[in-house]
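Here is the structure we will look at.
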Amino acid sequence: MTILTMMLRAARPSRISDMRAVAKPFWIPKGYDGLTFFGHIITHNLEDAEDFNRGFNAIKNHEMIHLYQARACHDSWIRFYWRYLRYWIQASRYRRRMKNAGYLLNPFEIEAYRHMHDLDYLKDKPNGTNGWQQYAQMSLEERLKLYQRH
């Protein structure tokens with residue numbers, strides 16, 4: 001499946017109940033276990049994809065939180081990725097102070113990392129999560145301090 005095909009065939013986030021994992025080794029940077037892309041979880045290899053598809057663990061929960069965040073962004077992948085990119089660019093100003101600042105200080109990632117081990121976190125949020133909104137209102141300095149505490 002190509003990037004364009006995945007984007008064009010993507011269902012609205014509210015119509016997806018479980019994201020399937022697919023192996024796309026060249027899509028995902030080293031050091032990352034999975035990546036949410038228009039309703040799919042991208043993994044390094046077929047074995048990792050099968051592990052995601054077989055069971056529900058903290059890493060899959062992290063990726064599923066991104067699905068629910070997209071629901072909260074007017075049920076739109078485009079709006080979710082637009083905001084994600086905007087937050088990533090803003091936080092990248094801290095890249096000299098912190099490796100991967102654009103990623104780790106992104107409000108979407110903060111929420112996903114803080115709740116990935118709570119496998120019940122998504123149960124009462126059919127219309128999406130909004131924890132990322134409180135982190136988006138914080139300054140980058142506050143987000144950095146929050147990250148350093150955990």
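The values are calculated or read from the model by the stated rules, or taken from the named source; none is laboratory data. Keep in mind that what you see is a predicted model, and the values were worked out from it rather than measured. When we count neighbours, we look across all protein chains shown, and the Cβ atoms used for this are built from the backbone with ideal geometry, even at glycine. Ligands, DNA and RNA are excluded from the accessible area calculation, which covers all protein heavy atoms including side chains. Shrake-Rupley method; radii C 1.70, N 1.55, O 1.52, S 1.80 Å.
For region 71-80, check the following and say yes or no: at least one residue is among the aromatic types (Phe, Trp, Tyr), on the phi < 0 side of the Ramachandran plot and surrounded by fewer than 17 Cβ atoms within 10 Å (Cβ to Cβ). Lay out the reasoning, then the answer.
First pass over region 71-80, keeping only residues among the aromatic types (Phe, Trp, Tyr): 77, 80.
Cutting the leftovers down to on the phi < 0 side of the Ramachandran plot gives us 77, 80.
So of that shortlist, the ones also surrounded by fewer than 17 Cβ atoms within 10 Å (Cβ to Cβ) come out as none.
The answer is no; no qualifying residue exists.
In region 110-125, how many are over 16 Å from Met19 (Cα atoms), in contact with a helix residue (DSSP H, G or I) (Cβ under 8 Å, 6 or more places away or on another chain) and assigned to a loop (DSSP other than H, G, I, E, B)?
Of all residues in region 110-125, those over 16 Å from Met19 (Cα atoms) come to 110-111, 113-115, 117-118, 120-121, 124-125.
Checking which are in contact with a helix residue (DSSP H, G or I) (Cβ under 8 Å, 6 or more places away or on another chain) leaves us with 110-111, 113-115, 117-118, 121, 125.
Pick out the ones that are also assigned to a loop (DSSP other than H, G, I, E, B) and you get 117-118, 121, 125.
Qualifying residue count for the region: 4.
Restricting attention to region 91-111, does a residue exist that is in contact with a His (Cβ under 7 Å, 6 or more places away or on another chain) and surrounded by fewer than 16 Cβ atoms within 10 Å (Cβ to Cβ)?
Looking only at region 91-111, we keep the residues that are in contact with a His (Cβ under 7 Å, 6 or more places away or on another chain), and these are 108.
Now narrow it down to the ones that are surrounded by fewer than 16 Cβ atoms within 10 Å (Cβ to Cβ): none.
No, every residue in region 91-111 fails to be in contact with a His (Cβ under 7 Å, 6 or more places away or on another chain) and surrounded by fewer than 16 Cβ atoms within 10 Å (Cβ to Cβ).
Of the conditions (1) within 14 Å of Glu63 (Cα to Cα); (2) assigned to a helix (DSSP H, G or I), Leu146 clears all except one; give me its number.
Exception for Leu146: condition (1).
Sort out which residues of region 21-68 are open to solvent by 30 Å² or more (accessible area, probe 1.4 Å), closer than 19 Å to Asn106 by Cα and among the acidic types (Asp, Glu), and write them in order of number.
Asp33
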